[in-house]
Amino acid sequence: MLNYRHLHYFWVVAKEGSIVRAAERLGVAAQTISAQIKALEQSFGRALFGAQGRGLALTEAGRVALGYADQIFLTGEELVEAMADERMAGGLRLSVGISDALPKLVAHELLAPLLHDEDGVRLICHEGEFEELVAELMLHKLDVVLADRPHSAVGGARLRSHPIGEYALSLYGAPALAARFRADFPAGLDHAPLLLPSRHSALRARLDAWFEARGVRPRIVGEFEDSALLATFGRTGSGLFPAISLLEREICHQFGVERVGELTDVREQIFAIAGERRIPHPAVSALVASGAGRLAPIGPD
């Protein structure tokens, strides 16, 4: 009969890439893990790992075993989550990762309706870099990640990127700066001080292409990973900055800025990235459905 404890130790080692890291994750001695994996290999009559430099590599038998173990333990983790879910006590939790490149007003626009859901969703929001949030999602520490790009399906991760929609952008600035460049927009943007997302942002290439197509060369005075920090610099008059046309009233009120002009054909895209689950998280399903209803559908690039 299959020993599921031995199989679980094998699964964690395969995911972590080393016995030492697996021991730290499981809180047991590395020698214990080694012994139990050896017992599992003996029961199968096949080696599951082979040496690769200073680390371990799965054998062909190990890759087959990992495929089955994925199904067994990912389903098991979902069962544990379901039993621990606060829905059982009349509440529903949703842990959301928000990419630092995503405008916070957009995140609020998408998530706020869940707070008024009759089931009483409790949001737990985490902000960070895209890659870090996706890693947390893969470890089941998050239910969903909101980002400006889809997840690249590399390494067999069981994640799905749901396209929620896209929104138009305009250029904004502190009142004096906006008045200076509004009259001759966009031709008058030559040498205009500009605050832009960093080149890690999916939006940056679209903005660069927009300026190039119109033959204008603005002066880039700042590049930011964090959209909120970008807007904060914009409110002080440091430069013009792109923001969401849809939420213009909120942007102008919150940051004390004015609209300069629309960045025609430039669109920011929104994706909700979630793990593939046998029983979808109801709040994630509601987020995808309601978000898609408020934003324009994502079209071809």
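The values are calculated or read from the model by the stated rules, or taken from the named source; none is laboratory data. No experiment lies behind these values; they were computed from the predicted model shown. Note that each Cβ is placed from the backbone with ideal geometry, even for glycine, and that neighbours are counted across all protein chains shown.
Key figures
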{"item": "All positions within the stretch 273-282 that are buried (at least 18 other Cβ atoms within 10 Å of the Cβ) and either touching a Lys or Arg at 6+ places or on another chain (Cβ under 8 Å) or outside the structural domain of ASP100 (by TED's automatic domain parsing) (or both)", "result": "ILE273, ALA274, GLY275"}
{"item": "Test: residue in the stretch 246-261 that is at pLDDT below 90, in contact with a strand residue (DSSP E or B) (Cβ under 7 Å, 6 or more places away or on another chain) and crowded, with 16+ Cβ neighbours inside 10 Å", "result": "yes"}
{"item": "The stretch 156-184, subset at pLDDT below 90 and basic (Lys, Arg), residue farthest from TRP210 (Cα to Cα)", "result": "ARG158"}
{"item": "The lone exception for GLY215 - which of (1) crowded, with 16+ Cβ neighbours inside 10 Å; (2) at positive phi; (3) not in a strand (DSSP E or B) it fails", "result": "(1)"}
{"item": "Tally, over the stretch 94-112, of residues that are out of contact with any His (no Cβ under 8 Å at 6 or more places or on another chain), surrounded by fewer than 23 Cβ atoms within 10 Å (Cβ to Cβ) and assigned to a strand (DSSP E or B)", "result": "0"}
{"item": "Test: TYR9 is more than 30 Å from LEU114 (Cα to Cα) and at pLDDT 85 or above", "result": "yes"}
{"item": "Residues of the stretch 176-197 that turn out to be in a loop (DSSP other than H, G, I, E, B) and either crowded, with 20+ Cβ neighbours inside 10 Å or of a type outside the set (Gly, Ala, Ser) (or both), as a count", "result": "6"}
{"item": "Within the stretch 21-80, tally of residues that are in contact with a Ser or Thr (Cβ under 7 Å, 6 or more places away or on another chain) and either small (Gly, Ala, Ser) or modelled with pLDDT under 85 (or both)", "result": "4"}
{"item": "Residue within the stretch 201-212 that is surrounded by fewer than 20 Cβ atoms within 10 Å (Cβ to Cβ), touching a residue at least 12 places away in the same chain (Cβ under 8 Å), under 28 Å from ARG249 (Cα atoms) and polar (S, T, N, Q) present", "result": "no"}
